[in-house]
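Heads up, the thing below is written out as structure tokens.
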Amino acid sequence: MTMTDQPATHDPRWRRLPGERPTQIIDAALDVFSEHGFAAAKLDEIARRAGVSKGTIYLYFASKEELFKAVVIDTIGAQVRAAAQRPRAKSASESLERALRGHWSLATEPKFDGWFRILVSELPKHPDLLEFYNHEVIDHAWAIFEDIIRAGIASGEFRPVEPRLAVGFTNSLVVMHRHWVSSCSIRPEYQSRDRQQLIDGIVDFALAALRNPDAGSHA
């Protein structure tokens with residue numbers, strides 16, 4: 001048997017069906033955006049990693065901005081929408097804990113390692129993309145947390161607080177700790193911290209801050 005007669009061990013990317021290509025491109029774009037940022041990401045590099053030509057990208061996405069939006073919708077946005085559909089727990093505390101742990105699990109996936117840098121330093125320079133990200137991701141995520149906190153206040157489980165502010169305070173615990181454990185951390189000593197211990201501490205801190213000290217006192 002000659003070299004050319006040997007069966008392939010796997011199908012090369014360029015032989016995949018055309019219908020699979022948008023997913024290939026989005027997956028490659030997520031990696032490149034996360035590694036290099038939005039501005040420095042090159043379509044040539046995305047095409048190379050996706051196993052397609054640069055021209056193929058333009059068959060599906062009119063611009064790098066449109067590709068970025070597709071990445072947001074199909075990755076982070078899809079998981080936030082899925083979280084919104086999950087049934088709530090019996091108590092607000094349990095629901096909040098699930099939401100925080102889910103947020104942490106998603107945020108700390110290695111493929112999102114450079115995402116914080118994009119959100120903080122780049123999207124403000126692109127108001128349309130910032131508005132899009134807020135609408136597709138942050139608004140929906142915050143609505144989940146706000147509904148949980150409102151329910152906890154209504155039941156007496158949580159103390160009276162302004163729900164929207166409480167969402168921001170709680171969310172910042174996840175966002176900043178996620179940044180501190182990333183490769184671009186300004187607090188590199190956090191990179192060696194046990195991530196399970198961190199989210200356990202975040203959950204404990206958030207619930208302690210919201211818990212109504214009078215809950216159950218009249219039971």
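For the chain, what does the relative contact order come out to in percent, with C-alpha contacts under 8 Å and a separation of six or more?
Once divided by the residue count of the chain, the mean separation gives 20 percent.
Rank Tyr190, Asn134, Pro110 by how far each Cα sits towards the positive end of the charge dipole of the chain (+1 on Lys, Arg Cβ; -1 on Asp, Glu Cβ) and give me just the farthest.
Looking along the dipole axis, the top candidate is Pro110.
May I ask you to compute the full-extension gain from Ile138 to Ser105, defined as 0.36 nm times their residue separation minus their alpha-carbon distance, rounded to one decimal in nm?
Net length gain for the segment: 10.3 nm.
Using the crude model of +1 on Lys and Arg Cβ and -1 on Asp and Glu Cβ, and no other charge, please compute the dipole size for the chain relative to its Cα centre, in debye to 20.
140 debye
What ranking, highest mean first, results for peptides 93-100, 150-157, 125-132 when packing means the other Cβ atoms within 10 Å averaged over each residue?
93-100, 150-157, 125-132
What nm value, rounded to one decimal, do you get for the distance between Arg150 and Ala82 when each label is placed 7 Å out toward the C-beta?
About 2.6 nm, to one decimal.
Order the peptides 205-213, 50-58, 188-196 from the highest to the lowest mean number of other Cβ atoms within 10 Å of their residues.
50-58, 205-213, 188-196
Just checking my list [x] 30.5; [y] 15.7; [z] 16.6 against mean projected area of the Cα convex hull in nm² computed from this structure; which label fits?
[z]
At 20 angstrom or more along the helix axis (alpha-carbon based) and mean Kyte-Doolittle of 0.5 or higher, what helices does the chain contain? Whole DSSP H runs only.
Helices meeting the span and hydropathy rule in the chain are 195-210.
Rounded, prolate or oblate, given the Cα gyration tensor of segment 133-218, with a/c below 1.5 counting as rounded?
Taking the square roots of the gyration eigenvalues as a ≥ b ≥ c, segment 133-218 is oblate.
Looking at Pro22, Phe145, Phe158, which one has the Cα that reaches farthest to the positive end of the dipole of segment 14-163 (charges on Cβ: Lys, Arg +1; Asp, Glu -1)?
Pro22
Summing Lys, Arg as +1 and Asp, Glu as -1, what charge do residues with Cβ under 14 Å from the Cβ of Phe205 carry, Phe205 excluded?
Charge balance near Phe205 sits at -1.
Taking the Cβ of Ala166 as the centre, find all other residues whose Cβ is under 14 Å away and add up their charges (Lys, Arg: +1; Asp, Glu: -1).
So the environment of Ala166 carries a net charge of 0.
Does a label point 7 Å from the Cα of Lys90, set along Cα-to-beta-carbon, have any residues of segment 127-159 with amide nitrogen under 16 Å, and which are they?
Inside the label zone: 157.
In debye, nearest 20, what is the charge dipole magnitude of segment 34-137 about its Cα centre with +1 on Lys and Arg Cβ and -1 on Asp and Glu Cβ, if you could check?
My answer is approximately 300 debye.
Throughout, read-outs are computed from the coordinates displayed, never taken from laboratory work. All values reported here derive from a predicted model rather than from experimental measurement. Note that each Cβ is placed from the backbone with ideal geometry, even for glycine, and that neighbours are counted across all protein chains shown.
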